[in-house]
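Down below is the structure, laid out as structure tokens.
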Amino acid sequence: MGRAMVAAAPRSELLSATKLWLGSRYDTFIMVSLKQSLWDGARWTHLTREHMIRTARFLHDRLVKKLGRRLTRHGGMWPFVVFYHDHAGKRLHLHIMAECPSFLTPEQFERIFRDAAKSLDWIHREIDFRPIKDGATSCGTVVEYCLRGGDGLDNMIFEASYPA
């Protein structure tokens, strides 16, 4: 579907199609706050969409390395979808929907995630984990939450997402 067709689709159709496309394989919802600027010794560099894309990719790559080959065995990809939000007056942050690997407990996955994230330049100290389960925090509800606001599907960082 082209970008013009996506823009022309009613919001309800867009949400339904996105929920269907993403599926219900995700069981973890993660909010990662980002630093708004970095000092490189000579000047301030402000956070851009490109920095968010690279940070999300680096984070995914570090997690895959830390979790090992069991994660992507048999040619599969590990489900990991990234959205960004830039609310007025709030720190830019990423929302990540991921699948906790079957060989880890949610607590082990959280510890590994935090360890992988802590040394990335643009990641701020605030990281919040929430389970995705049936009911109020179902996968569809989380997708709606991530797509809220005027930007909708533009909030999804396709370049750093690996849908199920």
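The values are calculated or read from the model by the stated rules, or taken from the named source; none is laboratory data. It should be emphasised that the depicted structure is a prediction, and the values quoted were computed from it without experimental measurement. Cβ coordinates were reconstructed from backbone atoms using ideal geometry, including for glycine residues, and neighbour counts include every protein chain displayed. Ligands, DNA and RNA are excluded from the accessible area calculation, which covers all protein heavy atoms including side chains. Shrake-Rupley method; radii C 1.70, N 1.55, O 1.52, S 1.80 Å.
Scanning the stretch 48-68 for residues that are open to solvent by 90 Å² or more (accessible area, probe 1.4 Å) and over 15 Å from the mean Cα position of the chain (by Cα) yields K65, K66.
Do we find a residue being in contact (Cβ under 8 Å) with a residue 60 or more places away in the chain and assigned to a helix (DSSP H, G or I) anywhere in the stretch 59-69? Yes, some residue in the stretch 59-69 is in contact (Cβ under 8 Å) with a residue 60 or more places away in the chain and assigned to a helix (DSSP H, G or I).
Checked against the criterion of being out of contact with any strand residue (DSSP E or B) (no Cβ under 8 Å at 6 or more places or on another chain) and open to solvent by less than 40 Å² (accessible area, probe 1.4 Å), the stretch 22-30 has at least one qualifying residue. I'd like to know if the stretch 77-90 contains one or more residues that are modelled with pLDDT under 80, surrounded by 11 or more Cβ atoms within 10 Å (Cβ to Cβ) and in a strand (DSSP E or B). Yes, there is a match, as at least one residue in the stretch 77-90 is modelled with pLDDT under 80, surrounded by 11 or more Cβ atoms within 10 Å (Cβ to Cβ) and in a strand (DSSP E or B).
Within the stretch 112-132, if we keep just the residues that are under 19 Å from V81 (Cα atoms) and among the basic types (K, R), the residue that is modelled with the highest pLDDT turns out to be R114.
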